Amino acid sequence: MKEGEKDQMKKLNNRLVNYVDKVHDLEMANKMLAAENARLKKQNKTPKNDVSEIYEDELRVCFPLYCYVTMIS
C-alpha cells in the first residue's frame, strides 16, 4: 500500500470511529430521555373526568332544594 493510501485509510478509520462514538452517545441519550419521558407520564397520570361528572352528584342534591326554595318564595 502506498503512503498516501495508508494516510487516507487512517483518516477514514478515524472518521468511522468518531461516527460510531457519536451514534453510541446519541443512543444512550435517547434511552435516558425515553426513561425520563416514561417517568413523567407515570407521575402525571391523573384520571381525566368530565366536568359534568364532577358536579353531577352536587346538582342532584341542590336542584331539588333550589326548586323548593323558589316555590316557597
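Values in this text are rule-based calculations from the coordinates and carry no lab data. Because the structure is predicted, anything quoted here is derived from the model rather than measured. Counting neighbours? That spans all protein chains shown, and the Cβs are built from the backbone with ideal geometry, glycine included.
Nearest 500 deg cm²/dmol is fine: what mean residue ellipticity at 222 nm does the chain get from its DSSP H runs of n ≥ 4 alone, each adding -39,500 (n - 2.57), divided by its residue count? Don't skip to the answer; put the middle values down first.
Working: 2 runs with 63 residues, N = 73.
The helix-only estimate for the chain comes to -31500 deg cm²/dmol at 222 nm.
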Projected onto the charge dipole of segment 3-72 (unit charges on the beta-carbon of Lys, Arg, Asp and Glu, signs +1, +1, -1, -1), the Cα from PHE63, LEU33, LEU12 with the largest positive-side position is that of LEU12
Angle check, please: helix 51-72 long axis (alpha carbons) against the longest principal axis of the chain (alpha carbons), in degrees 0 to 90, nearest 10. 20 degrees
With the Cα gyration tensor of the chain in hand, convert its eigenvalues to equivalent ellipsoid semi-axes via √(5λ) and list them largest first in whole Å. 74, 10, 5
Against the longest principal axis of the chain, how steep is helix 3-43, in degrees 0 to 90 to the nearest 10, with axes from Cα atoms? 10 degrees
